[in-house]
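Engineer: My questions will all concern the structure given below.
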Amino acid sequence: MDKNSIIGFVLIFLIMMGFFGYQSRQVAKQRAYQAQLDSIAAAEAYAQWQQDSIWRAEHPEAAAAVDEAITAAPQAPVAPVYSDSSLNAAARAEAQLITLENNKLQVVFTTRGGQPYSVKVKDYLTYSQEPLYLLQGEKSQLGYVVYAPTAVDTRKFTFQYVPEASSDSTVVMRLPFADGGYIEQKYTLVKDSYSVNETLSLVGMGHLIPRNVSSVDVDFDAIIPRMEKGYKNETQYSRLNYYFPDDNKPANIGNGRGGEKRFNNNIEWFAFQQQFFSAIMRAPGNFSYGEFKIDFLPKTGQDLMHCRALMRADITPNAERIDVPFEFYFGPNDYKGLKAYGHAYEKVIPLGGKIIGYFTKWVIIPLFDWLHKGISNFGLIILLMTIFIKIVVLPFAYKSYSSSAKMQALKPYMEKINAKYPKQEDAMKKQQETMELYRKAGVSPMGGCLPMLLQMPILWAMFRFFPASIQLRQQHFLWAEDLSAYDDVIHWGTSILGMDHISLFALLMAVSMFFYSKISMSQQSAGNDPNAKMMQAMTLYMMPIMMFFICNNLSSGLSYYYLLSNLITMLETFIIRKWVVNPQEVLDKVKAAEASGKPAPKSKWQQRLEEAQKMQREMEKQKGKKR
């Protein structure tokens with residue numbers, strides 16, 4: 001590596017270090033400033049309290065008179081808010097909790113608003129081994145606004161529990177009006193399912209709803225708690241999805257960033273999606289309007305994100321009974337389980353684009369499930385998956401490795417060519433002689449690149465699959481306590497260069513990438529080309545470092561897969577070089593071609609390259625003539 005290449009590499013590294021250091025210092029300054037403001041506010045409050053205490057001590061009679069006046073002050077009566085006496089009574093009534101439960105869910109309903117109060121997903125725990133709640137108490141609100149004739153927000157009233165219409169799997173709650181009509185909410189917990197079906201009914205209210213009102217407003221506001229180990233990874237795979245009827249996949253906002261959207265289109269369902277669990281609300285007749293917002297909450301708290309959906313469901317006005325059905329899903333993002341519902345729920349799982357998504361759905365997931373039927377150790381499953389995928393792509397890999405091995409045999413010839421053309425202006429001649437050498441040896445320079453490019457979709461499919469696979473959640477392997485999160489063998493409190501831990505699998509993966517790059521470059525000769533030397537340096541050092549920073553916060557199962565893939569690739573390379581490709585045969589072929597004096601056959605790619613070179617020489621000649 002020449003002096004300029006070394007300087008360039010060092011500068012790039014220093015810029016990255018400086019950027020991460022600057023970011024860390026800015027965060028620390030912001031926290032210190034906020035702490036200073038809090039301290040000033042606390043000091044001012046304490047000083048005010050001291051002044052009040054001194055005044056009370058110096059003027060006990062006046063202080064007693066003030067306290068007596070405050071106590072004796074008459075309380076203003078609460079004026080009726082609604083002209084309907086039944087609604088006024090419902091606004092003041094005490095709430096009651098009712099629980100429905102099956103083998104998968106425990107759903108607690110509150111009569112205040114006639115809505116779900118909490119949803120616990122059974123058979124799953126949070127990372128801290130606490131019960132897993134998708135919705136928690138007053139942190140979530142599901143309300144309907146009915147115009148009868150003024151806006152009646154169901155969240156402001158206490159419904160009446162109707163035990164005679166309820167059962168072990170159904171709860172019915174009603175909000176009566178003074179003239180005999182009522183709003184009814186009926187929830188049914190489906191047996192052996194994560195589904196809750198609801199029917200919102202407006203009974204005997206046709207005369208109250210204005211003729212120009214043809215919809216009911218829906219407001220679902222929820223704070224989703226944190227459930228996983230890594231905050232960054234959890235936020236990156238959490239979002240708010242919304243699905244238009246018959247669309248290929250749902251659109252979304254989120255993925256670690258706050259956002260909002262508004263649509264006047266029909267929307268079939270929306271989902272508050274945490275990395276591995278979702279709360280989905282579907283309207284069988286479609287929503288006619290949707291407004292969505294998501295904000296991610298600070299890392300220091302217990303909650304992950306605040307989601308809100310303002311929807312509109314159409315109704316038939318002036319009818320004596322109006323029924324509006326809704327369906328809810330509260331459960332894991334399991335591909336097969338979601339697909340069984342038949343409403344494209346499974347598309348909330350991020351499996352990649354069209355081609356990569358097909359490969360994941362039809363190859364990776366079936367293979368993973370098939371192996372899991374007989375093997376409980378997920379580390380072993382990932383190992384067998386890696387071996388299987390390597391066997392499938394072996395024909396492509398063989399071409400790549402054999403081409404690289406042949407080029408390794410030609411290294412002495414390449415060094416002679418580099419020595420023959422040391423100047424940059426001789427690059428065209430050097431390239432022509434190099435191509436002639438490849439033709440004599442029967443080596444395609446693209447033979448090592450194209451097969452590797454064909455394997456990239458597989459690597460990307462695995463990159464998408466592992467962090468989204470709920471099967472890996474909280475699964476132990478070796479030192480990793482959760483294959484869906486990072487394996488922090490070393491952890492410290494403060495952030496350094498954007499990190500507060502080191503994942504061992506990510507580190508081993510980066511080391512294996514370094515050695516694989518070193519082995520690959522041992523068969524290449526950059527000669528005196530500074531650009532080639534810089535590219536080699538970037539591949540050898542920067543790529544492993546970059547991949548370590550990327551994977552350090554991601555699934556340890558993903559880093560483990562990449563580690564295995566690199567090790568198997570190195571083993572395949574060694575076997576092909578040792579026993580498959582004979583370097584002496586390659587050299588003999590070159591010598592035989594030189595002795596015969598006959599030009600070697602040219603591939604189409606070589607012909608096109610020579611044509612391009614010829615055109616370039618012509619253009620240079622034309623430029624010379626103009627001068």
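Engineer: Residues in region 487-515 that are under 25 Å from Met570 (Cα atoms), touching a strand residue (DSSP E or B) at 6+ places or on another chain (Cβ under 7 Å) and either aromatic (Phe, Trp, Tyr) or free of Cβ contacts under 8 Å to residues at least 24 places away in the same chain (or both): how many?
Structural biologist: Here the count works out to 1.
Engineer: Failed condition for Ile502, given (1) part of a strand (DSSP E or B); (2) surrounded by fewer than 16 Cβ atoms within 10 Å (Cβ to Cβ), with all others met?
Structural biologist: The single condition Ile502 does not satisfy is (2).
Engineer: State whether the residues of region 203-210 include one that is modelled with pLDDT under 95, in contact with a strand residue (DSSP E or B) (Cβ under 7 Å, 6 or more places away or on another chain), in a strand (DSSP E or B) and closer than 21 Å to Ser86 by Cα.
Structural biologist: Yes, because at least one residue in region 203-210 is modelled with pLDDT under 95, in contact with a strand residue (DSSP E or B) (Cβ under 7 Å, 6 or more places away or on another chain), in a strand (DSSP E or B) and closer than 21 Å to Ser86 by Cα.
Engineer: Can you go through Gly254, Gly290, Gly285, Gly258 and tell me which one is small (Gly, Ala, Ser) and under 28 Å from Asp123 (Cα atoms)?
Structural biologist: Among Gly254, Gly290, Gly285, Gly258, only Gly254 is small (Gly, Ala, Ser) and under 28 Å from Asp123 (Cα atoms).
Engineer: Here is a further query. Out of everything in region 144-155 that is surrounded by fewer than 17 Cβ atoms within 10 Å (Cβ to Cβ) and closer than 30 Å to Arg226 by Cβ, what residue ends up being farthest from the chain's Cα centre (by Cα)?
Structural biologist: Filtering region 144-155 for residues that are surrounded by fewer than 17 Cβ atoms within 10 Å (Cβ to Cβ) and closer than 30 Å to Arg226 by Cβ, the one farthest from the chain's Cα centre (by Cα) comes out as Asp153.
Engineer: While we're here: Residues that are part of a loop (DSSP other than H, G, I, E, B) and surrounded by fewer than 20 Cβ atoms within 10 Å (Cβ to Cβ): does region 270-293 have at least one?
Structural biologist: No: zero hits.
Engineer: Do we have Tyr237 as closer than 20 Å to Ala344 by Cα and under 16 Å from the mean Cα position of the chain (by Cα) here?
Structural biologist: When the stated conditions are applied, Tyr237 passes them.
Engineer: Could you list, in sequence order, the residues of region 217-234 that are over 21 Å from Arg473 (Cβ atoms) and part of a loop (DSSP other than H, G, I, E, B)?
Structural biologist: Result: no residue meets the conditions.
Engineer: Taking Leu175 as meeting all but one of (1) under 25 Å from Pro317 (Cα atoms); (2) in a loop (DSSP other than H, G, I, E, B), write down the number of the exception.
Structural biologist: So the condition that Leu175 fails would be (2).
Engineer: Name the single residue that is farthest from Phe463 (Cα to Cα) among those in region 370-392 being surrounded by fewer than 13 Cβ atoms within 10 Å (Cβ to Cβ) and among the small types (Gly, Ala, Ser).
Structural biologist: Within region 370-392, the match that is farthest from Phe463 (Cα to Cα) is Gly374.
Engineer: Sticking with this one: Is there a residue being assigned to a strand (DSSP E or B), assigned by TED's automatic domain parsing to the domain that holds Leu189 and on the phi < 0 side of the Ramachandran plot anywhere in region 338-345?
Structural biologist: Within region 338-345, none of the residues are assigned to a strand (DSSP E or B), assigned by TED's automatic domain parsing to the domain that holds Leu189 and on the phi < 0 side of the Ramachandran plot.
Engineer: Please count how many residues of region 158-177 are surrounded by 18 or more Cβ atoms within 10 Å (Cβ to Cβ), β-branched (Val, Ile, Thr) and touching a residue at least 24 places away in the same chain (Cβ under 8 Å).
Structural biologist: Residues meeting the conditions: 2.
Engineer: Test of understanding: among Gly256, Gly180, which residue is in a loop (DSSP other than H, G, I, E, B), of a type in the set (Gly, Ala, Ser) and closer than 30 Å to Phe465 by Cα?
Structural biologist: After applying the criteria, what remains is Gly256.
Engineer: Taking the condition of being in a strand (DSSP E or B) and not basic (Lys, Arg), how many residues in region 294-328 meet it?
Structural biologist: 20
Engineer: Conditions first: (1) crowded, with 16+ Cβ neighbours inside 10 Å; (2) in the same structural domain as Leu240 (by TED's automatic domain parsing); (3) of a type outside the set (Asp, Glu). Gly352 passes all but one, so which condition is the exception?
Structural biologist: (2)
Engineer: Give the residue, chosen from Pro412, Pro451, Pro422, that is in a helix (DSSP H, G or I) and at pLDDT 65 or above.
Structural biologist: Pro412
Engineer: What about Lys191, is it under 37 Å from the mean Cα position of the chain (by Cα), within 30 Å of Asp84 (Cα to Cα), of a type in the set (Lys, Arg) and modelled with pLDDT under 95?
Structural biologist: no
Engineer: May I pose another question? I need the full set of residues from region 312-362 which are farther than 21 Å from Lys122 by Cα, basic (Lys, Arg) and within 25 Å of the chain's Cα centre (by Cα), in order please.
Structural biologist: Residues satisfying the conditions are Lys347, Lys354, Lys361.
Engineer: Cβ contacts < 8 Å: first residue under 18 Å from Lys104 (Cα atoms) and in contact (Cβ under 8 Å) with a residue 40 or more places away in the chain, restricted to region 191-208; second residue surrounded by fewer than 17 Cβ atoms within 10 Å (Cβ to Cβ) and of a type in the set (A, V, I, L, M), any location; separation 6+ or different chain. Result?
Structural biologist: These pairs meet every condition: Val196/Val190; Asn197/Val190.
The values are calculated or read from the model by the stated rules, or taken from the named source; none is laboratory data. This is a predicted model, so every value here is computed, not measured. As a convention, Cβ positions derive from the backbone with ideal geometry for all residues, glycine included, and neighbour counts pool all protein chains shown.
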